[in-house]
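The values are calculated or read from the model by the stated rules, or taken from the named source; none is laboratory data. Remember, predicted model here, so these are calculated numbers, not experimental data. Cβ coordinates were reconstructed from backbone atoms using ideal geometry, including for glycine residues, and neighbour counts include every protein chain displayed. The protein model used for the area step is the full one, side chains on, heavy atoms only, and it has no ligands, DNA or RNA in it. Shrake-Rupley method; radii C 1.70, N 1.55, O 1.52, S 1.80 Å.
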Amino acid sequence: MKYTLLISIVFMCFSSCNQHKNNTDFSSYPTPVNENLWPQYSQKSTLFKLWSPNAEEVILKFYNTGNDSKSYIKNSLIKDDHGIWKINVDGDLNGTYYTFQVKSDNKWLNETPGIYAQAVGVNGNRAMVIDMEKTNPKNWQNDSSNPLNYQNEAIIYELHIRDMTILPQSGSSLPGTYLGLVEPGTKGPNQITTGIDHLKELGITHVHLLPTFDHYAIDETKLTTPQFNWGYDPQNYNVPEGSFSTDPFNAEVRIKEFKQMVQSFHDNGIGVIMDVAYNHTGKTDESNFNQEVPGYYYRHWENGSYSDAAACGNETASERAMMRKFIIESVLYWTKEYHIDGFRFDLMGIHDIETMNQLSKAVLEINPDALLYGEGWTAKDSPLPEEKRALKKYTHQLNSIAAFSDDLRDGLKGSVFEDESLGFVSGAKNTEESIKFGIVGAIHHPQVNYKSVNYSEAPWTNQPWQAINYVSCHDNHTLFDKLKISRPNADYKSLVAMDKLANAIVLTSQGIPFLHAGSEMLRTKNGEHNSYNLPDSINQLNWNWKNDHKDVFLYYKNLIKLRKEHPAFHMTTAVQVREHLKFQEVNDSLVSFTLVDNANNDSWKNILVIYNASHEKINYKIEGVWQEAISGSTFDLTGTRTLYGNFNVPALSMYIAFQK
């Protein structure tokens with residue numbers, strides 16, 4: 001979510017009125033951070049636990065189904081000295097649905113599946129005891145993704161599961177589902193590749209899945225009725241969303257199919273990143289957290305009211321011991337149980353730096369190749385002191401975590417909050433330092449004038465891979481829509497050229513490149529900037545675009561090939577970048593630089609990169625003999641054309657030459 005779309009963000013939360021006051025002294029609560037609070041199943045018995053130090057009673061109810069049935073057994077849990085209520089129930093309970101219910105202040109709260117639920121029935125209201133080993137696909141024990149030598153070797157592609165296959169012309173036999181996304185051999189109009197085959201053809205290394213944990217927005221009992229939501233309204237953090245499964249009523253199915261999806265991506269050389277929103281919950285007073293320990297898991301203002309840095313009615317208190325424990329253990333659970341390769345943290349600036357550093361350390365011990373990144377901002381103010389927040393400007397304090405570069409994003413295309421705002425590719429003046437800042441990955445570089453960077457007055461990364469470079473994502477307008485809206489008088493050819501140039505800069509900069517699904521075929525949402533709950537007609541990928549814009553798709557594909565084959569475009573350290581990247585001519589519509597001396601062991605000794613954002617070709621002077629690799633939309637990485645003296649750079653394009 002983006003920090004200034006406050007009105008549009010409220011959609012996702014279904015939050016009750018934020019009038020509840022809580023002045024409890026939570027510091028007096030016992031915090032058994034080393035206690036295992038997950039359901040512990042065996043064929044002989046299952047151990048249930050719930051941390052609720054303020055509870056007067058806790059009962060466990062059993063059900064035959066995930067909905068529409070009455071409880072057939074109630075069990076009273078026993079409290080220990082650490083605020084943990086527990087009961088061990090004999091017998092093989094695999095497949096048994098259950099809920100907890102807490103009595104607090106002489107009042108029975110709502111039933112909850114428990115915040116550590118591993119499986120839930122339809123709409124996530126009841127948990128289910130499950131033998132997780134039986135959900136594993138064949139050969140799951142050998143499943144893994146391709147390793148990364150360094151984080152910025154990754155090329156990330158952000159998608160929503162439903163968008164990719166819901167259009168009938170996607171050719172999927174299981175549209176809008178986990179399995180449909182990875183169905184091999186799907187074809188669209190004129191036999192173009194779609195789905196996972198499209199992603200392989202494009203060449204990306206990782207998919208970034210918009211929220212796929214269980215969320216409130218979609219009624220899973222009515223999936224024959226079209227429904228859409230991005231999913232930033234968390235309900236059960238440790239269970240896959242049921243609306244993407246073939247049977248949300250059977251708690252095992254979504255788990256099995258999610259794992260099959262991950263395995264299929266891995267088998268095809270693609271890593272899987274989950275978009276997670278631990279910063280807030282979809283409901284507030286009625287949330288699972290508040291039904292277990294009222295108020296504890298959230299931040300409050302001094303008057304006891306909920307603070308709301310997420311602009312969703314609440315914000316979680318990551319600095320509190322049991323919330324920190326939950327977030328870290330949840331991320332580790334997805335890493336180990338589902339083989340997830342990375343996490344994107346929604347509104348990461350709400351979390352505290354210490355929690356994020358403990359989290360990254362724990363995840364990387366399990367998967368050293370995991371990618372961890374987030375939005376380094378909040379939506380509104382927070383009682384957490386600013387210096388403790390995992391904000392973009394404190395990225396240098398985060399260990400192995402990257403942040404989105406809105407500096408480069410808006411420098412390229414203009415502010416996402418002002419329709420008429422222009423960027424470097426669309427004709428703005430005085431954006432070149434923001435572009436240079438993005439090129440070097442937000443590190444310190446002696447040739448960047450930080451006082452002229454749009455948002456950041458200083459470097460905010462230690463290493464270049466800590467910057468996620470992008471020009472569009474699910475939030476705000478698509479790239480092509482933004483260009484059309486901000487340049488209403490531009491002709492189609494110019495708009496396409498601007499689009500190509502924008503992501504050419506992203507894919508030849510030193511950070512981690514991030515692409516919005518469909519940008520490679522000029523995706524449009526008909527000018528809608530906030531499509532969180534709009535119909536498929538707005539959100540779906542129209543595979544006719546791939547036919548209509550073959551040249552754009554081929555250009556993106558070739559850019560990715562260039563980046564993969566030439567490690568000079570993803571140097572591993574700030575020292576390398578300062579040593580090997582030298583800016584050359586720069587003005588309002590021109591940024592050029594060289595990558596010298598076989599940067600990062602590149603096969604090309606020297607590389608010249610020129611971004612021409614003007615509507616006129618420019619004559620560029622060089623010394624020595626060079627080979628042309630890219631001119632306009634023409635790629636010749638063998639360099640058959642020799643250059644010396646000077647040459648013309650086409651209007652609105654990237655040009656690359658090299659010396660062997």
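What to note about this one:
- Per the conditions (1) closer than 30 Å to THR284 by Cβ; (2) basic (Lys, Arg); (3) surrounded by fewer than 15 Cβ atoms within 10 Å (Cβ to Cβ), the sole criterion not satisfied by LYS138 is (1).
- Pair list, Cβ under 7 Å, 6 or more apart: segment 572-596 residue more than 15 Å from GLY441 (Cβ to Cβ) and free of Cβ contacts under 8 Å to residues at least 12 places away in the same chain, other residue of a type in the set (A, V, I, L, M, F, W, C) and outside any strand (DSSP E or B): none
Rundown of residues vs (1) among the small types (Gly, Ala, Ser); (2) open to solvent by less than 40 Å² (accessible area, probe 1.4 Å); (3) at pLDDT 95 or above, yes/no style:
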site: ASN18; (1), (2), (3): no, no, no
site: ASN22; (1), (2), (3): no, yes, no
site: PRO32; (1), (2), (3): no, yes, yes
site: GLU35; (1), (2), (3): no, no, yes
site: GLN43; (1), (2), (3): no, no, yes
site: PRO53; (1), (2), (3): no, yes, yes
site: GLU56; (1), (2), (3): no, no, yes
site: ASN64; (1), (2), (3): no, no, yes
site: ILE87; (1), (2), (3): no, yes, yes
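- Count - residues of segment 429-455 that are under 30 Å from LYS525 (Cα atoms), in contact (Cβ under 8 Å) with a residue 60 or more places away in the chain and either among the polar types (S, T, N, Q) or assigned to a loop (DSSP other than H, G, I, E, B) (or both): 4
- Scanning segment 144-172 for residues that are in contact with a Gly (Cβ under 7 Å, 6 or more places away or on another chain), closer than 24 Å to PRO240 by Cα and open to solvent by 10 Å² or more (accessible area, probe 1.4 Å) gives SER145, ASN146, ARG162, ILE166, SER172.
- Residue match in segment 283-295 (condition: under 30 Å from ASN142 (Cα atoms), of a type outside the set (Ser, Thr, Tyr) and crowded, with 21+ Cβ neighbours inside 10 Å): no
- Among residues of segment 122-146 that are hydroxyl-bearing (Ser, Thr, Tyr), those with a Cβ under 8 angstrom from a residue that is in a helix (DSSP H, G or I) and open to solvent by less than 40 Å² (accessible area, probe 1.4 Å), sequence gap 6+ or separate chain, pair up as THR135/ILE255; THR135/LYS259; SER144/HIS266; SER145/PHE265; SER145/HIS266.
- Within segment 88-116, the residues that satisfy the criterion of being part of a strand (DSSP E or B) and closer than 15 Å to ALA55 by Cα are PHE100, GLN101, VAL102, LYS103, SER104, LYS107, TRP108, THR112.
- Residues being in a loop (DSSP other than H, G, I, E, B), touching a Lys or Arg at 6+ places or on another chain (Cβ under 9 Å) and over 18 Å from ASP163 (Cα atoms) - total across segment 226-254: 3
- Of the criteria (1) more than 25 Å from ASP275 (Cα to Cα); (2) open to solvent by 20 Å² or more (accessible area, probe 1.4 Å), which one ASN125 fails: (1)
- Residue in segment 243-259 that is open to solvent by 30 Å² or more (accessible area, probe 1.4 Å), closer than 24 Å to GLN540 by Cβ and charged (D, E, K, R) present: yes
- Filtered residues of segment 517-535 (kept if crowded, with 16+ Cβ neighbours inside 10 Å and either part of a helix (DSSP H, G or I) or among the hydrophobic types (A, V, I, L, M, F, W, C) (or both)): ALA517, SER519, GLU520, MET521, LEU522
- Condition met for LEU179 (among the aliphatic types (A, V, I, L, M), more than 30 Å from TYR29 (Cβ to Cβ) and not in a helix (DSSP H, G or I)): no
- Filter result (open to solvent by less than 10 Å² (accessible area, probe 1.4 Å) and either part of a helix (DSSP H, G or I) or of a type in the set (D, E, K, R) (or both)) within segment 301-317: GLU315
- Residue match in segment 332-351 (condition: under 26 Å from LEU159 (Cα atoms), among the aliphatic types (A, V, I, L, M) and surrounded by fewer than 22 Cβ atoms within 10 Å (Cβ to Cβ)): yes
- Some residue of segment 68-75 being closer than 22 Å to ASN290 by Cβ and either modelled with pLDDT under 95 or surrounded by 22 or more Cβ atoms within 10 Å (Cβ to Cβ) (or both): no
- In segment 411-425, the qualifying residues are those that are of a type outside the set (A, V, I, L, M, F, W, C) and surrounded by fewer than 24 Cβ atoms within 10 Å (Cβ to Cβ), and the one that is nearest to ARG563 (Cα to Cα) is SER415.
- Condition check for ASN547: in contact with a Pro (Cβ under 8 Å, 6 or more places away or on another chain) and surrounded by fewer than 19 Cβ atoms within 10 Å (Cβ to Cβ): yes
- In segment 61-87, the residues that are touching a residue at least 24 places away in the same chain (Cβ under 8 Å) and of a type in the set (Ser, Thr, Tyr) reach residues that are surrounded by 13 or more Cβ atoms within 10 Å (Cβ to Cβ) and part of a loop (DSSP other than H, G, I, E, B) with C-beta atoms within less than 7 angstrom, at least six apart or across chains, in these pairs: TYR63/SER71; TYR63/ARG126; THR65/GLY121.
- Candidate set from segment 617-637 (those that are of a type in the set (Val, Ile, Thr) and touching a strand residue (DSSP E or B) at 6+ places or on another chain (Cβ under 8 Å)); member that is surrounded by the fewest Cβ atoms within 10 Å (Cβ to Cβ): VAL625
- Which numbered condition ASN503 fails, given (1) part of a helix (DSSP H, G or I); (2) among the polar types (S, T, N, Q); (3) over 21 Å from PHE569 (Cα atoms): (3)
- Tabulated pairs, segment 328-339, first among the charged types (D, E, K, R), second assigned to a helix (DSSP H, G or I) and open to solvent by 10 Å² or more (accessible area, probe 1.4 Å), C-beta under 8 angstrom, 6+ apart or interchain: LYS336/ILE366; GLU337/MET132
- Qualifying position, being open to solvent by less than 10 Å² (accessible area, probe 1.4 Å), of a type in the set (Phe, Trp, Tyr) and not in a helix (DSSP H, G or I), among TYR556, TYR611: TYR611
- Candidates THR177, THR221, filtered to the one that is open to solvent by less than 20 Å² (accessible area, probe 1.4 Å) and touching a residue at least 60 places away in the same chain (Cβ under 8 Å): THR177
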